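In what follows, a single structure is set out as structure tokens and then discussed.
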Amino acid sequence: MTRMAATRDGYGQALLEIADNPKVVVLEADLGKSTKSLHFRKEYPERTVSCGIGEQNMLLVGAGLASSGFIPFASTFAIFTERAFEQMRNGVARPNLAVHLCGSHGGTHTGTDGSSAQSIEDLAIYRTLPNVVVMHPCDDVSTKQLTKQLPELGKPSYMRTARNKTPVMYDGREDEIKIGKGMILRDGADAAIIACGVMVSESMKAAESLEKQGISVSVVDMHTLKPLDTDLVKSLVDKCGAIITAEDHSIIGGLGGAVAEYLSSNCPAPLERVGVNDRFGESGQPDEMLNLLGISSHHIENAVKKAQSRK
Amino acid sequence: MAMDISEVEEFARKCRVEIVKMVHRAQAGHPGGSLSEIDLISALYATRLRVKPENPDWNDRDRFILSKGHASPGMYAVLAEMGFISHADLESYRVLGGVCQGHVDMKWCPGVDFSAGSLGMGLSFGMGCAVAAKLENSERRIFVMLGDGEIQEGSIWEAAMAARHHELGNLKVILDRNRIQNDDFCEAQMRMFDIPAKWKSFGWSVKEIDGHDMAEIMNGLDFLERTNDGPSILIAHTIKGAGISYMENNPSFHGAAPNDEQFHQAMIELGEVEA
């Protein structure tokens, strides 16, 4: 039986594990219980700064701390980080201050809270910022590993985590997970699915179904969208000749956008992007949302067949 | 640096000359707010700030955060007087590759602790610096200069509330109350009513002064230095464009440069050339 876990729990556990570094501080905007920074707050209240419901202030308090040699980890819902986008842009990214922003409850998978809570543009907007590393891991293990690498990063980052539990992909492969390096989870030669976040397990489901239909596909967890692992993308094009991206995010500007940008300039190949097609979500269960918005495993299967037919 | 009041006044006069020269040379920039703040910043640097121009990154230095970062000529002039940068560096104001970027930038200019340019951000950044100082048990103080129009930004009040919540006695604000913002007088753009009462209601210690009277400025800085049980703010009533007759209280000189004739007149008024 596959273990199920939420990526936000991996974040919370990682904060505890890096707390030995006295420069690590945690910033909260009244959602520590949800983003899971609460575990750190409980153990290290003196290094936890409550910013109330004030995301703009939080980002810049982080910038001030970083300018003074601290390593701030700020978190709130992904959607509310967007309110502080300009603070992230002008106050954090521009002076290249290593503030680590975590947006939890990202994507439509967050479910019944409805469209106001379903950030489907966060990855796109943060990807436009120079100096900022953008990540969207798929399970608690990789979230924990990536978060633990952030104190050494020396530049700002944005990481989207998810509210709901998804299948764990990495038990036993922790050491292979590195910021900026995509992970091949399944090897196949007919097409390659490049996915992030909750769509990694949907892609694996699609690949298993396609296998039964005689189509062999590679599946890659591209947990880091920026910098994009272009060497890996190139090798997938060389091997498979057709690419499918899958993300719980707008098809505009996210993982699909990043891969399209790279392919069009370097190694054009058939590309199908599975993502939210320029619309908002609504209240519903996570699986209902993926179906409604056309981003579930069977939509990925169809995209694979379409990409393959365009080779 | 032990300077008496007349020496600080002369320091500020020299800075006024550099402000007008910078803006005239660049034919762009913000003279009005630089001239309204300059007596305050001059006094702060010349008599209070614990900084080392020869070691601008000294960890325990006091921080000065110019949140109204468009008034950068004022800060650059002071940094040159203090020796953080050279007077020749002032010629790089708004010039490609220059240390004196249009808005003060910590990545470009020695002695600058904050990359400004977007209003409403410096107080939050200063709060972060103040939290850091407390965590390190450092005696360093964080001084933040805000503009009056700037406090129309909502995030200022997020920071004001949070700074009191965290009892940041090392966070000290100077508000340049020059009553003019980009488009017009503040009163026309957004009436702010009782500004001291607003800060008091957020739990701050408040004092008002004449921001061009050097004796009052010294008293005001004394107030900021001795208020350590929570955040404090000095509301300095100033005149936009102070020191140059045609710029004074004139919204047109918020963000406009003097022409050659106006420049010459300014140099006369500042005692640099004879009439």
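Please find, among A:Ala63, A:Ala19, the residue that is surrounded by 17 or more Cβ atoms within 10 Å (Cβ to Cβ), free of Cβ contacts under 8 Å to residues at least 60 places away in the same chain and not assigned by TED's automatic domain parsing to the domain that holds A:Gly197. Talk me through it step by step, then tell me what you get.
Working: A:Ala19 fails: surrounded by 17 or more Cβ atoms within 10 Å (Cβ to Cβ).
Just a single option satisfies the conditions, and that option is A:Ala63.
Taking B:Lys134 as meeting all but one of (1) assigned to a helix (DSSP H, G or I); (2) at the interface with chain A (Cβ under 7 Å from one of its Cβ atoms); (3) open to solvent by 10 Å² or more (accessible area, probe 1.4 Å), write down the number of the exception.
Just one mismatch for B:Lys134, condition (2).
Residue check: is B:Glu187 over 25 Å from B:Arg48 (Cα atoms) and within 9 Å of chain A (Cβ to nearest Cβ)? Don't jump to the end; show me each part of the working.
Details: over 25 Å from B:Arg48 (Cα atoms): yes; within 9 Å of chain A (Cβ to nearest Cβ): no.
Judged against the criteria, B:Glu187 is not a match.
Looking at region A:27-40, I want the residues that are of a type in the set (A, V, I, L, M, F, W, C) and have a partner that is surrounded by 24 or more Cβ atoms within 10 Å (Cβ to Cβ) and assigned to a helix (DSSP H, G or I) with Cβ atoms under 7 Å, at least 6 apart or on another chain. Which pairs are those?
As it stands, the answer is A:Leu27/A:Met58; A:Leu27/A:Val61; A:Leu27/A:Gly62; A:Ala29/A:Glu55; A:Ala29/A:Met58; A:Phe40/A:Leu15, since those pairs meet every condition given.
Given the conditions (1) over 24 Å from A:Gly69 (Cβ atoms); (2) free of Cβ contacts under 8 Å to residues at least 12 places away in the same chain, which single one is not true for B:Gln27?
Answer for B:Gln27: the failing condition is (2).
Among the residues of region A:263-281, count how many are part of a loop (DSSP other than H, G, I, E, B), more than 19 Å from A:Lys305 (Cβ to Cβ) and open to solvent by 90 Å² or more (accessible area, probe 1.4 Å). So that I can check it myself, show each step before the final result.
If we filter region A:263-281 for residues that are part of a loop (DSSP other than H, G, I, E, B), which is where we start, we get A:267-270, A:277-281.
Applying the additional criterion that residues be more than 19 Å from A:Lys305 (Cβ to Cβ) yields A:267-268, A:278-281.
The next check asks that each one be open to solvent by 90 Å² or more (accessible area, probe 1.4 Å); those that pass are A:268, A:278-280.
Counting residues in region A:263-281 that are part of a loop (DSSP other than H, G, I, E, B), more than 19 Å from A:Lys305 (Cβ to Cβ) and open to solvent by 90 Å² or more (accessible area, probe 1.4 Å) gives 4.
Which residues, taken from region B:154-193, are among the acidic types (Asp, Glu) and either closer than 22 Å to B:Leu224 by Cβ or assigned to a helix (DSSP H, G or I) (or both)? Give the derivation first.
Step one: filter region B:154-193 for residues among the acidic types (Asp, Glu), giving B:158, B:167, B:176, B:183-184, B:187.
Listed by number, the residues that qualify are B:Glu158, B:Glu167, B:Asp176, B:Glu187.
Counting only residues that are charged (D, E, K, R) and not in a helix (DSSP H, G or I), how many does region A:134-159 have? Please lay out each step first, then the result.
As a first pass, look at region A:134-159 and keep what is charged (D, E, K, R): A:139-140, A:144, A:148, A:152, A:155.
Checking the rest, the ones that are also not in a helix (DSSP H, G or I) come to A:139, A:155.
Total meeting the criteria: 2.
Going through A:Ile184, A:Ile120 one at a time, which residue ends up being surrounded by fewer than 17 Cβ atoms within 10 Å (Cβ to Cβ) and aliphatic (A, V, I, L, M)?
Working: A:Ile120 fails: surrounded by fewer than 17 Cβ atoms within 10 Å (Cβ to Cβ).
Checking each option against the conditions leaves just A:Ile184.
Restricting attention to region A:23-52, which residues are outside any loop (DSSP other than H, G, I, E, B), open to solvent by 10 Å² or more (accessible area, probe 1.4 Å), touching a helix residue (DSSP H, G or I) at 6+ places or on another chain (Cβ under 6 Å) and away from every other protein chain (no Cβ under 14 Å)?
Answer for region A:23-52, where residues must be outside any loop (DSSP other than H, G, I, E, B), open to solvent by 10 Å² or more (accessible area, probe 1.4 Å), touching a helix residue (DSSP H, G or I) at 6+ places or on another chain (Cβ under 6 Å) and away from every other protein chain (no Cβ under 14 Å): A:Leu38, A:His39, A:Arg41.
Restricting region A:67-81 to residues that are free of Cβ contacts under 8 Å to residues at least 60 places away in the same chain and among the aliphatic types (A, V, I, L, M), which is least open to solvent (accessible area, probe 1.4 Å)? Even if it seems obvious, please write down each step before you answer.
First pass over region A:67-81, keeping only residues free of Cβ contacts under 8 Å to residues at least 60 places away in the same chain: A:67-70, A:72, A:74, A:76-77, A:79-80.
With the extra rule that they be among the aliphatic types (A, V, I, L, M), the set shrinks to A:74, A:79.
Numbers: A:Ala74: 1, A:Ile79: 32 Å².
Ranking the qualifying residues of region A:67-81, first place goes to A:Ala74.
Which one of the conditions (1) at the interface with chain A (Cβ under 9 Å from one of its Cβ atoms); (2) surrounded by fewer than 24 Cβ atoms within 10 Å (Cβ to Cβ); (3) within 19 Å of the chain's Cα centre (by Cα) does B:Asn182 fail to meet, given that it meets all the rest?
(1)
State whether the residues of region B:33-53 include one that is touching a Pro at 6+ places or on another chain (Cβ under 7 Å) and surrounded by fewer than 24 Cβ atoms within 10 Å (Cβ to Cβ). Outline the logic, then answer.
The initial filter retains those residues of region B:33-53 that are touching a Pro at 6+ places or on another chain (Cβ under 7 Å), namely B:34.
With the extra rule that they be surrounded by fewer than 24 Cβ atoms within 10 Å (Cβ to Cβ), the set shrinks to none.
No, region B:33-53 contains no residue that is touching a Pro at 6+ places or on another chain (Cβ under 7 Å) and surrounded by fewer than 24 Cβ atoms within 10 Å (Cβ to Cβ).
The values are calculated or read from the model by the stated rules, or taken from the named source; none is laboratory data. Computed from a predicted structure; not experimentally measured. When we count neighbours, we look across all protein chains shown, and the Cβ atoms used for this are built from the backbone with ideal geometry, even at glycine. All accessible areas refer to the heavy atoms of the entire protein, side chains included, with ligands and DNA or RNA removed. Shrake-Rupley method; radii C 1.70, N 1.55, O 1.52, S 1.80 Å.
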